[in-house]
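First up is the structure itself, then whatever we jot down about it.
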Amino acid sequence: MSRRVLVTGADTFWGGRMIQALETDPSMSVILGMGTGTPSVPFERAEFVRADQTYSIMNRIVKATQVDTILHTFMITNSSSVPRRAMHEINVIGTMNLLAAAGAAGSSVRHIVVKSSTLVYGSAASDPNTFLEDTPRTSPVRNSVERALVEADGLMRDFAEDNPGTRVTVLRFANVLGEHLTTPISRNLARPVCPSIFGFDPLLQFIEEGDVVRALLHVTQAGIPGLFNVAAEGRLPWSEVATICGTRRVPLSPFSPLKIRPLTRLFDLPSELEDLLRYGRGVDTRRFAATGFRYNATSAGAVQSFIRSLRLRRQTGKQPASYTYEHDVEQFFRHSPSVVGGIDA
Amino acid sequence: MASGRPVVGEKNRSTAVVPIRVAAEHTGEPEDPRLSDVDEWGRSERTRALARAIYEPIYSKWFRTEWEGLEKIPAEGGALLVANHAGAIPSDAPVIMHGIEKELGRPVYGLADYFFRTVPVVGTLWARAGGVSARPANAYRLLKEQQQLALVFPEGTKGTSKSFTDRYQLRRFGRGGFVEIAMRAGVPVIPIAVVGAEEAMPVVLRLPTVARALGLPYFPITANVLALGPLGVVTPFPAKFKLRVLDPVHFDVPSDQDRYSKSRIMEESEHIRTLLQESVYDMLRDRRSVWFG
């Protein structure tokens with residue numbers, strides 16, 4: 001059966017990776033990438049469409065292309081990467097437009113896969129040691145990224161209820177580390193000193209970036225609906241993470257009035273990470289394991305994969321070769337009657 | 001991107017700028033390059049071993065702890081240990097955890113209010129030593145899924161904050177949550193009666209206003225502080241500790257039910273409280289001296 005897939009966030013790390021992964025699957029006959037910028041990785045056969053960040057043209061694109069699957073990777077899970085307003089526009093309004101397009105009368109969409117985050121559970125002293133998929137948060141949302149993700153979560157739940165004919169898959173990923181991804185955590189760990197909150201040594205759970213791609217691919221290919229936590233085996237204390245990465249922890253004051261703003265700035269410490277460095281977070285992953293998925297790395301393995309590739313980059317001094325998306329060139333290869341050898345030629 | 005110096009290889013959202021193909025297949029059992037032995041509860045056996053080495057003289061020389069019926073605690077399988085609770089900074093918890101780990105070689109996870117997690121240093125040490133916040137989901141995971149021993153004091157801070165004039169008068173056993181958890185997890189409750197903790201750190205006076213101001217559950221003035229000054233905060237008196245393990249209480253109800261009869265829960269909870277109260281009285285009848293047993 002041939003599939004027609006639309007991938008959001010095609011210009012971001014995850015969208016680009018997912019498109020590359022989907023391109024290796026011949027049953028994905030049509031792959032469309034939507035993004036607000038330009039792709040940062042080359043696509044072999046996927047087509048790229050540029051849109052604004054709320055994806056207001058989603059409805060027209062879905063109607064015109066008759067895609068059966070939407071892979072929604074464009075969810076911001078880090079509050080320091082975009083302004084508060086943009087966060088809401090992207091995560092909430094973007095998801096809303098996407099669901100509206102997928103739920104329109106006569107829609108061709110049968111499966112929606114969403115990349116979400118375990119940030120929806122928050123991180124607080126009153127938390128249980130392990131969150132199951134249906135465990136509610138114990139603390140009120142404290143920052144824009146959690147608020148936006150929780151709100152988007154509600155939209156998806158409503159959509160799944162109202163549209164029983166469409167499969168909805170939501171994957172809540174733990175903090176990602178790996179060879180290539182840059183996040184506030186990886187930036188902190190890459191320095192000689194990293195932040196910690198004095199007197200706290202929380203347990204963290206990670207997932208390796210390759211496993212994130214594999215997990216999204218797994219549910220997309222197998223058409224598995226449902227809500228799943230996705231995190232690698234094992235949890236390790238922040239002190240151990242720092243030791244594996246060979247960085248020293250600098251304790252920040254645990255009392256909020258004494259918090260020194262410039263320090264948290266220096267460290268790239270968004271508020272959701274500050275909470276995490278106090279209380280950590282653990283999630284139960286048995287439900288996802290039951291779908292047949294197996295991880296390539298443990299939590300500690302994800303940390304190690306990150307630091308090993310960083311050491312290589314440091315010692316060779318090499319930046320990965322950059323890629324510039326040329327719209328006209330890509331269009332030429334895909335659509336010009338002069339091209340006879342196919343795109344791969 | 002946020003402020004801060006750029007990291008080697010960082011470029012916009014991603015350092016991935018060349019086509020990198022991710023292995024879509026499972027590449028075999030992953031390695032786990034751990035450095036510490038901290039488990040998912042934050043407990044570290046190495047830290048525990050160190051804590052036991054430090055606590056051993058306090059346990060056997062200072063408190064001269066004696067057990068009765070230790071064989072009633074199973075060598076394997078989950079069980080919920082329930083004890084009476086006393087002393088401003090209660091010594092009963094470390095004594096029970098130390099004793100069982102020493103004699104039976106089994107870890108004991110101590111359930112306590114999540115307030116502990118919010119205190120810097122203390123919260124971390126508490127977790128490394130086997131402390132877990134007392135949430136039903138945590139107790140269920142420990143008892144049912146991991147078949148561990150968990151220790152709980154149903155009186156909570158009502159037991160530790162009571163003044164010396166109320167010594168050995170067991171407080172209300174909460175809302176019977178411990179019975180419900182044991183029923184759901186399908187494990188027995190094993191009551192442990194403790195004598196000695198009351199005299200180790202007696203509460204002479206309580207200052208609720210100070211407690212509120214500091215955000216603490218209670219703020220006691222102990223006899224230890226009056227006698228020893230600041231040193232009294234951490235020094236218990238050398239009362240003789242005696243512990244009696246009672247017969248395990250089994251509930252003949254199926255596990256994993258959504259709901260259990262509230263009246264049955266309260267009945268069982270009160271029954272266990274009565275058993276403990278009577279055992280404590282019985283032990284006190286035999287006690288000739290607070291210090292020598």
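Nothing in this text is a laboratory measurement; each read-out follows from the coordinates by a stated rule. Since we're looking at a predicted model, the values are computed, not measured. Heads up, the Cβs are rebuilt from the backbone with ideal geometry, glycines too, and the neighbour counts pull from every protein chain shown.
What does the convex hull of the alpha-carbon atoms of region A:107-216 project to on average, in nm²?
Answer in nm², one decimal: 9.0.
Show the residues, 5+ positions off or on another chain, whose built amide H is closer than 5 Å to the amide H of residue B:110.
B:131, B:132, B:151
Counting Lys and Arg as +1 and Asp and Glu as -1, each charge on the Cβ, what is the dipole of region A:129-232 about the Cα centre in debye, to the nearest 20?
280 debye
Within 10 Å of each Cβ in peptide B:32-43, how many partner chain Cβ atoms are there on average? Round it to a whole number, please.
6
Assigning unit charges at the beta carbon (Lys, Arg +1; Asp, Glu -1) and nothing else, what dipole magnitude in debye, to the nearest 20, does chain B show about its Cα centre?
My answer is approximately 1060 debye.
At 7 Å along Cα-to-Cβ for each site, give me the label-to-label distance between residue B:291 and residue B:147 in nm.
Each label point lies 7 Å from its Cα, and together they span 4.7 nm.
May I ask you to list the residues of region B:134-150 whose amide nitrogen lies under 15 Å from a point 7 Å from Cα along the Cα→beta-carbon direction of residue A:289?
From region B:134-150, the list is B:141-142, B:145-147.
Just to check, using Stokes-Einstein with a Kirkwood Rh over alpha carbon pairs, what's the diffusion coefficient of the protein assembly as shown at 10 °C and 1.306 mPa s in µm²/s?
Estimated via Stokes-Einstein, D reaches 58 µm²/s.
Place a point 7 Å from Cα of residue B:115 in the direction of its Cβ. Which residues in region B:164-180 have their backbone N less than 20 Å from it?
So the set is B:164-178.
Cα convex hull of region A:282-330: mean projected area in nm², to one decimal?
Spelled out: convex hull of the Cα atoms, projected over all directions, averaged, 6.8 nm².
Lys/Arg Cβ at +1, Asp/Glu Cβ at -1, dipole of the protein assembly as shown taken about the Cα centre: which of A:322, A:243, B:100 is farthest positive-ward?
Checked the options; the winner is A:243.
With each label point set 7 Å from Cα along the Cα-Cβ vector, what nm distance links residue B:204 and residue B:247?
Label-label distance for residue B:204 and residue B:247, simple model: 4.4 nm.
What are the radius of gyration and Dmax of region B:26-135, computed over its Cα atoms and given in Å?
Rg then Dmax for region B:26-135, in Å: 15.9, 56.
Over all alpha-carbon pairs of region B:213-293, lay out the pair-distance distribution in 5 Å bins, whole %, shortest bin first.
3, 10, 12, 12, 12, 14, 13, 11, 8, 4, 1
Just the ratio, please: alpha-carbon radius of gyration of chain A over 2.2 N^0.38 Å, N its number of residues.
Normalised by 2.2 N^0.38 Å, the Cα Rg of chain A equals 1.01.
Averaged over A:176-189, how many beta carbons belonging to a partner chain fall within 10 Å of each residue's beta carbon?
Mean shielding by partner chains, rounded to a whole number: 3.
By how many nm would the segment from residue A:29 to residue A:328 grow when fully extended, if each residue of separation counts as 0.36 nm and the alpha-carbon distance is taken off?
Between residue A:29 and residue A:328, full extension yields an extra 105.4 nm.
Amide H to amide H, which residues 5 or more places from residue A:78 or on other chains are under 5 Å from it, using H placed in the peptide plane?
Those qualifying (amide H under 5 Å, at least 5 residues apart or on another chain) number zero.
Looking at B:196, B:254, A:177, which one has the Cα that reaches farthest to the positive end of the dipole of the protein assembly as shown (charges on Cβ: Lys, Arg +1; Asp, Glu -1)?
Of the listed residues, the answer is B:196.
Report the Cα-based extents of region A:155-217 along its three principal axes, largest first, to the nearest Å.
52, 28, 16
Taking the Cα centre of the protein assembly as shown as origin, work out the dipole magnitude from +1 charges on Lys and Arg Cβ and -1 charges on Asp and Glu Cβ, in debye rounded to 20.
Roughly 1620 debye for the protein assembly as shown.
Work out the P(r) tail for region B:113-182: percent of alpha carbon pairs separated by more than 18 Å, whole number.
More than 18 Å apart: 49 percent of the Cα pairs in region B:113-182.
I'd like the antiparallel share, as a percent to the nearest 5, of DSSP beta bridges with both residues in chain B.
If I count the DSSP bridges inside chain B, around 35 percent turn out antiparallel.
Of the options B:116, B:165, B:85, report the single residue whose Cα projects farthest towards the positive end of the charge dipole of region B:78-168 (beta-carbon charges: Lys, Arg +1; Asp, Glu -1).
It is B:116.
Please turn the phi angles of region B:253-269 into ³J(HN,Hα) values with the Karplus equation 6.51 cos²θ - 1.76 cosθ + 1.60 (θ = phi - 60°), one per residue in order, whole Hz, x for glycine and proline.
Computed from phi, the couplings for region B:253-269 are 10, x, 7, 6, 7, 5, 9, 10, 4, 4, 5, 4, 4, 5, 5, 5, 4 Hz.
How big is the equivalent ellipsoid of region A:68-171 along its three axes, where each semi-axis is √(5λ) from the Cα gyration tensor, reported in whole Å from largest to smallest?
25, 17, 10
Restricted to Cα positions, what overall size does chain B have along the principal axes? Three whole-Å values, descending.
In descending order, the Cα extents are 80, 51, 36 Å.
Please state the equivalent ellipsoid semi-axes for region B:180-231: what are the square roots of 5 times the Cα gyration tensor eigenvalues, largest first, in whole Å?
33, 18, 8
What distance in nm separates the two pseudo spin-label positions at residue B:104 and residue B:213, each 7 Å out from Cα along the beta-carbon direction?
4.4 nm
Between rounded, prolate and oblate, where does region B:68-187 land on the alpha carbon gyration tensor, with a ≥ b ≥ c its root eigenvalues, rounded for a/c under 1.5, else prolate if a/b exceeds b/c?
rounded
Karplus couplings for region B:60-71 from phi (6.51 cos²θ - 1.76 cosθ + 1.60, θ = phi - 60°), rounded to Hz, Gly and Pro as x?
For region B:60-71, the Karplus-derived couplings read 9, 9, 7, 8, 6, 4, 10, 10, 9, x, 4, 5 Hz, x marking Gly and Pro.
Of all DSSP beta bridges in the protein assembly as shown, what percent run antiparallel (nearest 5)?
20 percent
How do the peptides A:97-103, A:136-142, B:202-208 rank, highest first, by the average count of neighbouring beta carbon atoms within 10 Å per residue?
A:97-103, B:202-208, A:136-142
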